[in-house]
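Structure record follows, encoded as structure tokens.
The values are calculated or read from the model by the stated rules, or taken from the named source; none is laboratory data. Since the structure is predicted, the reported quantities are computational estimates derived from the model, not experimental observations. FYI the Cβ positions are ideal-geometry reconstructions off the backbone, even for glycines, and counts take in every protein chain you see. The accessibility values were calculated without ligands, DNA or RNA, using every heavy atom of the protein model including side chains. Shrake-Rupley method; radii C 1.70, N 1.55, O 1.52, S 1.80 Å.
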Amino acid sequence: MNRYNLSDQKATSWLNRAEICVSFIQRDIQTREAKRVDVADLGCGDEKLERLLASRLSRVSYQGYDILPQSRRVIALDLNKDDLPRHYDFITVLGVSEYIDDLKSFLVKMAGSADRLIISHVISDAGVYDREALTRLGWRNHLSKDQLLSLLAECGWEMLDSYLEPIEKRTFLAIARSRAG
């Protein structure tokens, strides 16, 4: 269960990431007065985001996707090769962007697949991981906060809000609106 950090999926930091994600969604749908939201959780792991969404939002449709599905409800999807089958209101990408081979192409493709993107990325600004650690983790991307924000803008995303984990300052979350629509 070490591949894709699965051995750590019960850690508090993952639940905190999911909590921030749900807060972003709640604020966004209140602003837009959306009646129902449709969420694709890419790299959903043990589906903790689904449980949080269901406990906080009355009208949410959730679909989990993962390269290694952990339940029958999750659809197998390799983000390096496969496309989403349809358009969503929200796409969440929590703890996944580090593993994507061509992050730029992925983000461009997602801009046409959803109205909103919520992404978390362990940023290089904190200086926590050296090259050996990145290789051991299997990460393809380890961007600074500014590099990630620039890439999002270049790929068709307009920033709406962001959050930097306050203690270690290594996990950065952002919600962005697609400019493709």
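State whether the residues of region 129-138 include one that is part of a strand (DSSP E or B) and in contact (Cβ under 8 Å) with a residue 24 or more places away in the chain.
As a first pass, look at region 129-138 and keep what is part of a strand (DSSP E or B): none.
So far as region 129-138 goes, no, none of its residues is part of a strand (DSSP E or B) and in contact (Cβ under 8 Å) with a residue 24 or more places away in the chain.
Would you confirm whether any residue within region 123-132 is farther than 25 Å from Ser23 by Cα, open to solvent by 20 Å² or more (accessible area, probe 1.4 Å) and among the polar types (S, T, N, Q)? Step through it out loud before you land on a result.
So the first thing to find is which residues in region 123-132 are farther than 25 Å from Ser23 by Cα, and the list is 127-132.
From the residues that got through so far, the ones that are open to solvent by 20 Å² or more (accessible area, probe 1.4 Å) too are 127-132.
Still in the list and also among the polar types (S, T, N, Q): none.
No, every residue in region 123-132 fails to be farther than 25 Å from Ser23 by Cα, open to solvent by 20 Å² or more (accessible area, probe 1.4 Å) and among the polar types (S, T, N, Q).
Give me the pairs, please: first residue somewhere in region 149-160 and under 14 Å from Gly112 (Cβ atoms), second residue anywhere and among the hydroxyl-bearing types (Ser, Thr, Tyr), beta-carbon distance under 8 Å, and either six or more positions apart or on two chains.
Partner pairs satisfying both residue conditions: Gly156/Ser178; Trp157/Ser178.
For Pro85, only one of the following conditions fails: (1) closer than 27 Å to Asp38 by Cβ; (2) in contact with a Ser or Thr (Cβ under 9 Å, 6 or more places away or on another chain). What is its number?
For Pro85, the exception is condition (2).
Go through region 31-45 and give me each residue that's open to solvent by 20 Å² or more (accessible area, probe 1.4 Å) and either within 18 Å of Gly95 (Cβ to Cβ) or at pLDDT 90 or above (or both).
Initial filter on region 31-45 (open to solvent by 20 Å² or more (accessible area, probe 1.4 Å)): 31-36, 38, 43.
Within region 31-45, Asp38, Gly43 qualify.
Matching residues to (1) hydroxyl-bearing (Ser, Thr, Tyr); (2) at pLDDT 95 or above; (3) more than 14 Å from the chain's Cα centre (by Cα):
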site: Glu98; (1), (2), (3): no, yes, no
site: Leu107; (1), (2), (3): no, yes, no
site: Met110; (1), (2), (3): no, yes, no
site: Ile123; (1), (2), (3): no, yes, no
site: Ala126; (1), (2), (3): no, no, yes
site: Ala133; (1), (2), (3): no, no, yes
site: Arg136; (1), (2), (3): no, no, yes
site: Asp146; (1), (2), (3): no, yes, yes
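Based on this model, can you work out whether Ile118 counts as buried (at least 16 other Cβ atoms within 10 Å of the Cβ), closer than 27 Å to Thr31 by Cα and among the aliphatic types (A, V, I, L, M)?
Working: buried (at least 16 other Cβ atoms within 10 Å of the Cβ): yes; closer than 27 Å to Thr31 by Cα: yes; among the aliphatic types (A, V, I, L, M): yes.
For Ile118, the condition - buried (at least 16 other Cβ atoms within 10 Å of the Cβ), closer than 27 Å to Thr31 by Cα and among the aliphatic types (A, V, I, L, M) - is met.
Does region 78-98 hold any residues that are more than 22 Å from Leu15 (Cα to Cα) and of a type in the set (S, T, N, Q), and which are they?
Asn80
Give the residue that is nearest to Gln26 (Cα to Cα), with candidates limited to residues of region 74-95 that are at pLDDT 95 or above and under 11 Å from the mean Cα position of the chain (by Cα).
Among those that are at pLDDT 95 or above and under 11 Å from the mean Cα position of the chain (by Cα), it is Phe90.
Just name the residue that is nearest to Glu19 (Cα to Cα) out of those in region 143-177 that are open to solvent by 20 Å² or more (accessible area, probe 1.4 Å) and among the hydroxyl-bearing types (Ser, Thr, Tyr).
Pass one, region 143-177, residues open to solvent by 20 Å² or more (accessible area, probe 1.4 Å): 143-147, 149-151, 153-154, 158-170, 177.
Of the ones still in play, those that are also among the hydroxyl-bearing types (Ser, Thr, Tyr) are 144, 150, 162-163.
Numbers: Ser144: 23, Ser150: 25, Ser162: 13, Tyr163: 11 Å.
Looking at the filtered set, the residue picked out is Tyr163.
Go through region 35-86 residue by residue and tally those that are part of a loop (DSSP other than H, G, I, E, B), farther than 22 Å from Ala111 by Cβ and free of Cβ contacts under 8 Å to residues at least 12 places away in the same chain.
Count: 3.
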